[in-house]
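K.L.:
Sending over a structure as structure tokens; questions will come in a sec.
None of the figures in this text is laboratory data; all of them are computed from the coordinates on show. This is a predicted model, so every value here is computed, not measured. Reconstructed Cβ throughout: ideal geometry from the backbone, glycine too, with neighbour counts over all protein chains shown.
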Ligand code: NAD
């Protein structure tokens, strides 16, 4: 790897090891192991891969997990009932609802039915609200994982100009909130861009820190960034590649070569942000288990 490449796989491994030790300590004090309940709806192969990666990681760190696959014909009422059961099951600490959902199920409606104390993805409005006003919360795993990368690579955010491209509820928006809070991992002057942003380059070119979470290969090119920028590429896009075993390969939202030439640090795809998301989910699940015994407020 070039010396400006952020090794998310390595940092996620360190984090998982820490969680593993914390879980051991938690269990050695007489507590049962934390447990994650994963919910998958339908047969989307990418979603299945993600859920498998998450349950495998659970096993590695000593967190129990169970996954259930519901048919994509499931009604909102049935899904809410199933979630209600997991909410009231004291043996479950965290509930993971794998997105995207089939078209007839609206994520916000479903997410609101998850007990916010078990919302280890940090998507529930209660947790997003708490994040926004700086109260204890479950932070969305992908942006929280990005802050861990900054910590590991000593990327200072204070006073920096941060630009986030993509404003989804799960990545871009919470990332912008975290970077703009006046706390230890924030204090950046933050701009949030989206598909309605006019002249994207006018914003990206000024970024000291650029986080891109759009889902559009090569959206960001070297010409759009300044020398020395720290680039976090969240995008995961499948592009056809006849030389690859599966007939496709994964790329991010940045034209990697031209952006990496100017970046002081950059995440690769794969091996950058993805593993951090999974590691943060482990951390949040342990936190949920601890908070179920020692609630904060
Ligand atoms: P989304 O698909 O819900 O929304 C995309 C966002 O990008 C929107 O805010 C939209 O306005 C913006 N956008 C679209 N076209 C744009 C353009 N031309 N210029 C500027 N903004 C534009 O977003 P998401 O769910 O956050 O996913 C984004 C990408 O990140 C996807 O590729 C997804 O697979 C990936 N992702 C990766 C991880 C990980 O752990 N690595 C986690 C979540 C999502």
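K.L.:
Only one of (1) in a loop (DSSP other than H, G, I, E, B); (2) in contact with a helix residue (DSSP H, G or I) (Cβ under 7 Å, 6 or more places away or on another chain); (3) in contact (Cβ under 8 Å) with a residue 60 or more places away in the chain fails for residue 92. Which number is that?
P.N.:
(3)
K.L.:
Would you mind stating whether residue 176 is within 13 Å of the ligand (Cβ to nearest atom), free of Cβ contacts under 8 Å to residues at least 60 places away in the same chain and assigned to a helix (DSSP H, G or I)?
P.N.:
yes
K.L.:
How many residues does the range 1-24 contain that are part of a loop (DSSP other than H, G, I, E, B) and either over 23 Å from residue 265 (Cα atoms) or in contact with a strand residue (DSSP E or B) (Cβ under 9 Å, 6 or more places away or on another chain) (or both)?
P.N.:
Result for the range 1-24: 3.
K.L.:
Could you check how many residues of the range 47-88 are in a helix (DSSP H, G or I) and touching a residue at least 24 places away in the same chain (Cβ under 8 Å)?
P.N.:
17
K.L.:
I need the helices (runs of 4 or more DSSP H) fully contained in the range 179-297, keeping only those with at least 3 residues that are within 16 Å of the chain's Cα centre (by Cα) and buried (at least 16 other Cβ atoms within 10 Å of the Cβ).
P.N.:
On the way: elements: 200-204, 256-262, 273-293.
Helices (runs of 4 or more DSSP H) meeting the threshold: 273-293.
K.L.:
Would you say residue 224 is within 30 Å of residue 21 (Cβ to Cβ) and out of contact with any strand residue (DSSP E or B) (no Cβ under 7 Å at 6 or more places or on another chain)?
P.N.:
On the way: within 30 Å of residue 21 (Cβ to Cβ): no; out of contact with any strand residue (DSSP E or B) (no Cβ under 7 Å at 6 or more places or on another chain): yes.
It is false that residue 224 is within 30 Å of residue 21 (Cβ to Cβ) and out of contact with any strand residue (DSSP E or B) (no Cβ under 7 Å at 6 or more places or on another chain).
K.L.:
Right, here's the next one. If you scan the range 186-199, which residues turn out to be within 15 Å of the ligand (Cβ to nearest atom) and out of contact with any strand residue (DSSP E or B) (no Cβ under 6 Å at 6 or more places or on another chain)?
P.N.:
Selection gives 194, 195, 196, 197, 198, 199.
K.L.:
Hey, among the residues in the range 57-73 that are touching a helix residue (DSSP H, G or I) at 6+ places or on another chain (Cβ under 9 Å) and surrounded by fewer than 17 Cβ atoms within 10 Å (Cβ to Cβ), which one's farthest from residue 109 (Cα to Cα)?
P.N.:
In the first step, residues of the range 57-73 are kept if they are touching a helix residue (DSSP H, G or I) at 6+ places or on another chain (Cβ under 9 Å); the result is 57-58, 60-70.
Pick out the ones that are also surrounded by fewer than 17 Cβ atoms within 10 Å (Cβ to Cβ) and you get 60, 66, 68-70.
Numbers: 60: 32, 66: 23, 68: 20, 69: 19, 70: 17 Å.
Applying the filter and picking the extreme gives 60.
K.L.:
In addition: Does residue 195 fit the bill of being closer than 17 Å to residue 132 by Cβ and free of Cβ contacts under 8 Å to residues at least 40 places away in the same chain?
P.N.:
no
K.L.:
Look through the range 37-53, keep the residues that are within 16 Å of the chain's Cα centre (by Cα) and closer than 23 Å to residue 78 by Cβ, and return whichever of them is surrounded by the fewest Cβ atoms within 10 Å (Cβ to Cβ).
P.N.:
47
K.L.:
Residue 170 versus (1) near the ligand (Cβ under 9 Å from one of its atoms); (2) farther than 15 Å from residue 122 by Cβ: which is the lone unmet condition?
P.N.:
Condition not satisfied by residue 170: (2).
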